[in-house]
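Any read-out appearing in this document is the output of simple, stated calculations on the displayed coordinates, not a laboratory observation. Since the model is a prediction, treat every value here as computed from it, not as a measurement. We place every Cβ from the backbone using ideal geometry, glycine too, and count neighbours over all the protein chains shown.
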Amino acid sequence: MKVKEFPISAGKLICVLNKIDAEDLGVFPGDRLELINKKNGKNSVAIVDVTNSEVKEKIIGLFEDLISLLKVKSNDFLEVRATPPLKSLDFIKKKMDGEKLNGFELKEIVKDIADNRLNDIEASAFISAVYMKGFDLEETTEITKALINNGQKISFNKEPIVDKHSIGGINGRTTMIIVPIVACAGLFIPKTSSRSITSAGGTADAMEVLAPVDLCFEKIKKITEKHGGVIVHGGAVDLAPADDKIIRIRHPLALDPEGMLIASVIAKKASVSSKYVVIDLPVGPYAKIKDKNNAIKMAKKFVQVGKEVGMEIDAVITNGEEPSGLAFGPALEAKYVMEILEGKRFDNLAQKSCELAGAIFELANLTGLGKGYDMAVDILHSGKALEKMKDIIHAQGGKIDSSIKIILSPLNKEIKAKENGVIQSFNLKDLTTIARISGAPANKLSGVMLNKVEGEKVFKGDVIMTIFAENKQKLESALDYTIKNTPYHFKRIILSSVRDSD
């Protein structure tokens, strides 16, 4: 069939058929077609839409996503086939019934997701089934292997390859401190990081303030081998394509089933040939894990699954009850990280970063048990980590290599204390919401900077936090939310009272 381009990006692989052609092929709206470009061997499965008038007979309309994937343009020709029934649909129904899936069945589901053979509704049904019925350890291991084998892998000529990952839920860009510290010690850490989904900024968002993060395979390998590490956007390279699609499907309902989370993390680490990996599991009222006992159970599963795929993992449980550093938002967090590397700050974010870097040193047998933290602190205080970070920034094509070069938005509003008191706690969820309302992470200069820490005494009129935005409307919206949802609490002696109502 001859191609007609539709200049529309839907985030999905959609093709449009004339009603007569659809009837000839025996397909209906929402069904699938396999499209093959014989000139370059590119192929894809697309979701069918049907029209009476927008395309003529023997013409197939393609949205931009398919045009890019198949490398075609208007008037090129594609071979079009109706897809046969999918075995994976039976396996998904099996999981919905609460039955256990074997390695072959999980492999088929992952493959069909990666090849776009399953539409969003069908893939969502799979994620929902896992969320409700769960994965046992064997299923978690098998889907991890399926995700690893489905994607590409970067192989390095240097070793050992190490990595770290936080399952998220709190602020603070530990990665941007850990990578240069670890690289200074002679280890190699090709850190592929994510952009924000629900936070005020992911590591890739913050690093992008300093340097480009959408790098190709070859550049990731070259920079890692030369400088010891990179900090890049993992979504820019096709390392675990099925996992990327599963994450996109999980996002709208914030479904994060434990087995899928573990498989996702380990598959991403395996894709860059990591041998030693430290997993950060923050525990706190606003973190993904609320209970320490659940964190311990998850930590054990991370270690066991990692062992099954040839990876040594140290899953550490960390304090997620308070802000990690004072910044929320890409530019604010990037500036904050650079100030730590420059020796201008040493707080709980700096301490946590050194503890995690130390855990990597101990896991990789670079130091003895209990000695990794001191080694990490020495590297940070020596200034070597700062110089290494500058090398990485420049190698990735960046020019912003110091905190003073990061200019914050002049459009900001200070939130002041209305009474004397002592800060008991900050609500991390509210702080993240305020930062996102202000425009973060899409607006890099937007976000929240705390001016006080938990336990600190404040007086009426003291600045507790500052909201930054790139436009007045978003600043006003963030301020309005802050007034209605105070994101901090003072300590109180009287917790409650009971009075005689008569």
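Miscellaneous remarks
- Under 21 Å from the Cα of LYS107 - lysines, other chains or at least 8 residues apart: LYS87, LYS93, LYS94, LYS95, LYS133, LYS145, LYS153, LYS245, LYS268, LYS269, LYS301, LYS307
- 3J(HN,Hα) couplings calculated from phi for the range 405-413 with the Karplus curve 6.51 cos²θ - 1.76 cosθ + 1.60 (θ = phi - 60°) are, in sequence order, 7, 8, 8, 7, 5, x, 8, 8, 9 Hz; Gly and Pro show x.
- With Cα atoms, 0 to 90° folded angle of helix 472-484 axis to the chain main axis: 60
- Listed by chain and number, the lysines whose alpha-carbon sits under 24 Å from that of LYS2, ignoring those within fewer than 8 places in the same chain, are LYS12, LYS19, LYS38, LYS39, LYS42, LYS56, LYS58, LYS71, LYS73.
- Note on the range 333-469: Cα-Cα pairs beyond 25 Å make up 43% of the total pair count.
- Computing volume of the Cα convex hull per residue in Å³ directly from the structure and comparing it against (i) 124; (ii) 204; (iii) 149 singles out (ii).
- Label-to-label distance for LYS94 and ASN294 is 2.9 nm, based on points extended 7 Å past Cα in the beta-carbon direction.
- Linear extension gain, ILE404 paired with LYS418, 0.36 nm per residue minus alpha-carbon span: 1.9 nm
- Here the range 1-123 is treated as a Stokes sphere of Kirkwood radius computed over C-alpha pairs; at 4 °C and 1.567 mPa s its diffusion coefficient rounds to 85 µm²/s.
- Hydrodynamic radius of the range 87-134 per Kirkwood, over alpha carbon pairs, in Å: 10.4
- Separation between Cα centres of the range 447-477 and the range 292-347, rounded to whole Å: 25
- Inter-label distance, nm, simple model (7 Å from Cα along the C-beta direction), ILE20/LYS2: 1.4
- Per-peptide packing, taken as the mean over residues of other Cβ atoms within 10 Å, places 328-334, 467-473, 353-359, 440-446 in the sequence 328-334, 353-359, 440-446, 467-473 from highest down.
- Charge tally in the Cβ shell below 9 Å around VAL48, where Lys, Arg are +1 and Asp, Glu are -1, VAL48 excluded: -1
- Gain in span if fully extended, VAL309 to ASP480, counting 0.36 nm per residue against the direct Cα distance: 56.6 nm
- Between the Cα long axis of helix 103-114 and the first principal axis of the chain there is an angle of about 90°, rounded to the nearest 10.
- Separation of the range 173-232 from the range 353-425 is 13 Å, based on Cα centroids.
- Footprinting exposure proxy for THR51, THR224 (fewest neighbouring C-beta atoms within 10 Å first): THR51, THR224
- Per-pair calculated FRET efficiency, R0 = 41 Å: LYS87 and GLU322 via Cβ, rounded to 0.05: 0.25
- Applying 1/(1 + (r/R0)^6) with R0 = 51 Å to the Cβ-Cβ distance of HIS489 and PHE28 gives a FRET efficiency near 0.35.
- Over the chain, dividing the summed -39,500 (n - 2.57) contributions of all DSSP H runs of at least 4 residues by the number of residues returns a 222 nm mean residue ellipticity of -12500 deg cm²/dmol.
- With both labels modelled 7 Å from their Cα along Cα-to-Cβ, the ASN75 to ASP378 distance reads 7.0 nm.
- Using 0.36 nm per residue and subtracting the Cα-Cα separation, the extra length available between ASN471 and THR51 on full extension is 147.0 nm.
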